[in-house]
Amino acid sequence: MQNFKIVKIVDPTWKRPSWDEYFLKLAMLASERATCPRMHCGCVLVKDRYVLATGYNGSLPGTPHCYEEGCMLVNDHCVRTNHAEINAICQASQHGISLADGTAYVTNMPCTNCAKALIAAGIKRVVIFSDYHDTLAERFFDEAGVKLDRLPMPDTTINYNLAKYKSAKQFENDKP
Ligand SMILES: [Zn+2]
Ligand SMILES: [Zn+2]
């Protein structure tokens, strides 16, 4: 047998995110792709700790974006985009993925329509880190037996320190 030794590296600055923190952070990352400057929202649909689908609020495929052509307002609400939750559900439907018994990680409390769509799609738990105005989501979740968890907003930085990893090297062109 080959010789080996165990080397334990202790990094006191490292904090491994919990599964909930990890998926909430992915939802935040998805929100960076949002196209409506009035609101950036992200949603990650998960089952058994794997990602089924992701979404952010954005225009329909092939149609203009709010940030390019302006928001389309009805009663002071922009109606140009689909919300993050709907886009995530639609992505799953395009790929024939069942969302039954899944969890939705969303950057904000869903609006009434998205809450109803998540429930109808079979989502059983919703995790958020901020609230949203004018929504009956909580009432519908209660009624439908969907568990709602309000968690603290996760750390918004991505902690990746290339310089620290001995076996990886930065591209020459990327060096400052
Ligand atoms: Zn807009
Ligand atoms: Zn919505």
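How many residues are free of Cβ contacts under 8 Å to residues at least 40 places away in the same chain and touching a helix residue (DSSP H, G or I) at 6+ places or on another chain (Cβ under 9 Å) when one looks only at the stretch 129-142?
8
Inspect all residues belonging to the stretch 16-29 and state whether any of them is outside any helix (DSSP H, G or I) and under 23 Å from VAL79 (Cα atoms). So far as the stretch 16-29 goes, no, none of its residues is outside any helix (DSSP H, G or I) and under 23 Å from VAL79 (Cα atoms).
Residues LEU24, LEU52: which one is under 11 Å from the mean Cα position of the chain (by Cα) and either surrounded by 16 or more Cβ atoms within 10 Å (Cβ to Cβ) or more than 30 Å from PRO152 (Cα to Cα) (or both)? Can you show your working first?
On the way: LEU52 fails: under 11 Å from the mean Cα position of the chain (by Cα).
Of the residues listed, the single one that is under 11 Å from the mean Cα position of the chain (by Cα) and either surrounded by 16 or more Cβ atoms within 10 Å (Cβ to Cβ) or more than 30 Å from PRO152 (Cα to Cα) (or both) is LEU24.
Answer with yes or no whether LEU60 is closer than 19 Å to ILE89 by Cα and in contact with a Phe, Trp or Tyr (Cβ under 8 Å, 6 or more places away or on another chain). No. Residue pairs whose Cβ atoms lie under 6 Å apart, sitting 6 or more positions apart in sequence or on different chains, and linking a residue in the stretch 101-126 that is on the phi > 0 side of the Ramachandran plot to a partner that is more than 11 Å from ligand 2 (Cβ to nearest atom), are ASP101/LYS124; GLY122/LEU99; GLY122/ALA100. In the stretch 153-173, the count of residues that are touching a residue at least 24 places away in the same chain (Cβ under 8 Å), of a type outside the set (Gly, Ala, Ser) and in contact with a strand residue (DSSP E or B) (Cβ under 8 Å, 6 or more places away or on another chain) is zero.
Looking at the stretch 44-67 only, could you name the residues that are touching a strand residue (DSSP E or B) at 6+ places or on another chain (Cβ under 9 Å), more than 9 Å from ligand 1 (Cβ to nearest atom) and more than 25 Å from LEU24 (Cβ to Cβ)? Correct list: LEU60 only.
Yes or no, residue by residue, for (1) surrounded by 10 or more Cβ atoms within 10 Å (Cβ to Cβ); (2) free of Cβ contacts under 8 Å to residues at least 40 places away in the same chain; (3) within 23 Å of ALA120 (Cα to Cα); (4) small (Gly, Ala, Ser):
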| residue | (1), (2), (3), (4) |
| --- | --- |
| GLN2 | no, yes, no, no |
| ILE9 | no, yes, no, no |
| ARG38 | yes, no, no, no |
| GLY58 | yes, yes, yes, yes |
| VAL74 | no, yes, no, no |
| CYS78 | yes, no, no, no |
| ASN87 | yes, no, yes, no |
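Here, each number is a calculation from the coordinates, and none is a lab measurement. Please read all numbers here as calculations on a predicted model, not as lab measurements. Here the Cβ is made from the backbone with ideal geometry for all residues, glycine too, and neighbour counts use every protein chain on show.
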